[in-house]
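S.K.: Sharing a structure below in structure tokens format, with a few things to ask.
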Amino acid sequence: MSAAPLQADIAVDVRGLTRRYGERTVIDRLDLHIRRGEFVALLGESGCGKTTLLRALAGLDPVDGGRIAGPRQPAVVFQEHRLLPWDSLWRNVALGLDDHTGRPLAKAALAEVGLGDRLDDWPRNLSGGQAQRVALARALVREPRLLLLDEPFAALDALTRIRMHGLVKQLVAQHRPGVLLVTHDVDEAVALADRVLVMRDGAIAGDHPVSPAAQTHRAHPDAVALREHLLAELGVDAHALADA
């Protein structure tokens, strides 16, 4: 990842990003720009390059061309919480920090996600939603410039997902990282994001702002129209889906 300096209000700036697997080009000269405090959702069919892009931004995979100007270590939350089962919750959150500073920081971060009274508890005692709360606390404890979310709510039940959506919006408003959420869920993208991107054939094919009314009210005309447009871009007939 490029170490090029960023303006204070920029979370990440990507220009001409290319990633290949053998003869197959998965990401094709992609451009992406996310500001601090901006929540961007990324939709696309399976295999279009969404997770490959996220892994490149996280520094987990190499790239074959282009430039990424962003933080060296962005925070990442995956679909699996990836907590260390042999460590307490506070040590999971403070991973890599020394005990003197790590415990108070972890305590504050866990309090933000509603688990401040469980510092010395163990991952095995958590529900799926609670484990993802700890994963969020771990991601935000270092006040990251860029937060990458790879379908972090996909394995949760519907009610827990709704609660997690509210928590994530609250935490992003407080900490103001730039956020890239990879998701297959159009409703989730509209409810959370300031912008929704549609990825196709390794590039950004659509870039759609989300109005505050659409974010807040699922039945608002803005939300309905945007949902139908996004589904159409993904090759789904929203009316046929509603009649099914």
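S.K.: Through the Karplus equation 6.51 cos²θ - 1.76 cosθ + 1.60, θ set to phi - 60°, convert the phi angles of segment 149-165 into ³J(HN,Hα) values in whole Hz; use x for Gly and Pro.
M.R.: With coefficients 6.51, -1.76 and 1.60, one gets 10, 9, 6, x, 10, 4, 8, 8, 5, 4, 5, 5, 4, 4, 5, 5, 4 Hz.
S.K.: Right, another one. Pulled fully out, how much extra length does the chain show between I162 and A108, if you take 0.36 nm times their separation in residues and subtract their Cα-Cα distance?
M.R.: Stretched fully, the I162-A108 segment lengthens by 17.1 nm.
S.K.: Hey, quick one: spin label on D99, modelled 7 Å out along Cα-Cβ, who in segment 120-156 has an amide N within reach, i.e. under 16 Å?
M.R.: Residues passing the 16 Å test: 120-121.
S.K.: Can you grab the distance from the C-alpha centre of segment 98-130 to the C-alpha centre of segment 211-238, Å, no decimals?
M.R.: Using only Cα atoms to place each centre, the spacing works out to 36 Å.
S.K.: How would segment 1-137 be classified by its alpha-carbon gyration tensor: rounded, prolate or oblate, with rounded meaning a/c under 1.5 and the a/b versus b/c comparison settling the rest?
M.R.: Since a/c reaches 1.5 and a/b is larger than b/c, the shape of segment 1-137 is classed as prolate.
S.K.: How large is the dipole of the chain about the Cα centre if only Lys and Arg carry +1 and Asp and Glu carry -1, each at its Cβ, rounded to the nearest 20 debye?
M.R.: 720 debye
S.K.: Let me ask something additional. Restricting things to alpha carbons, find the Rg to Rh ratio for the chain using the Kirkwood radius for Rh.
M.R.: Ratio value, two decimals: 0.98.
S.K.: Rank these residues by their accessible area, most exposed first, probe 1.4 Å: K107, K169, K50.
M.R.: K107, K169, K50
S.K.: Follow-up question, since we're still on this one. Over the chain, with a Gaussian network built from C-alpha contacts below 10 Å, which listed residue (L119, L43, L230) shows the highest mean-square fluctuation?
M.R.: Result for the chain, Cα springs under 10 Å: L119 fluctuates most.
S.K.: Now a separate question. Quick check for you: with a 1.4 Å probe and neighbouring chains kept, what is the accessible area per residue of the chain, in Å²?
M.R.: Result: 48 Å² per residue.
S.K.: Which value results when the Cα radius of gyration for segment 99-155 is divided by 2.2 N^0.38 Å?
M.R.: In units of the globular-protein estimate, segment 99-155 measures up at 1.14.
S.K.: Order L105, L83, most accessible first, counting only protein heavy atoms with a 1.4 angstrom probe.
M.R.: L105, L83
S.K.: Also: If the label point is 7 Å along Cα→Cβ of E80, which residues in segment 133-168 have backbone nitrogen under 20 Å from it?
M.R.: Residues 133-139, 148-157 fall inside that zone.
S.K.: Which of rounded, prolate, oblate describes segment 107-196, given a ≥ b ≥ c as roots of the alpha-carbon gyration tensor eigenvalues and a/c under 1.5 marking rounded, otherwise prolate only if a/b is larger than b/c?
M.R.: Note, shape of segment 107-196 comes out oblate.
S.K.: Tell me, what does the Kirkwood hydrodynamic radius of segment 136-237 come to in angstroms if you use every pair of distinct C-alpha atoms?
M.R.: Over segment 136-237, the inverse of the mean reciprocal pair distance is 14.5 Å.
The values are calculated or read from the model by the stated rules, or taken from the named source; none is laboratory data. These figures come from a predicted structure and were not determined experimentally. Cβ coordinates were reconstructed from backbone atoms using ideal geometry, including for glycine residues, and neighbour counts include every protein chain displayed. What goes into the accessible areas is simple: the full protein's heavy atoms, side chains included, and nothing from ligands, DNA or RNA. Shrake-Rupley method; radii C 1.70, N 1.55, O 1.52, S 1.80 Å.
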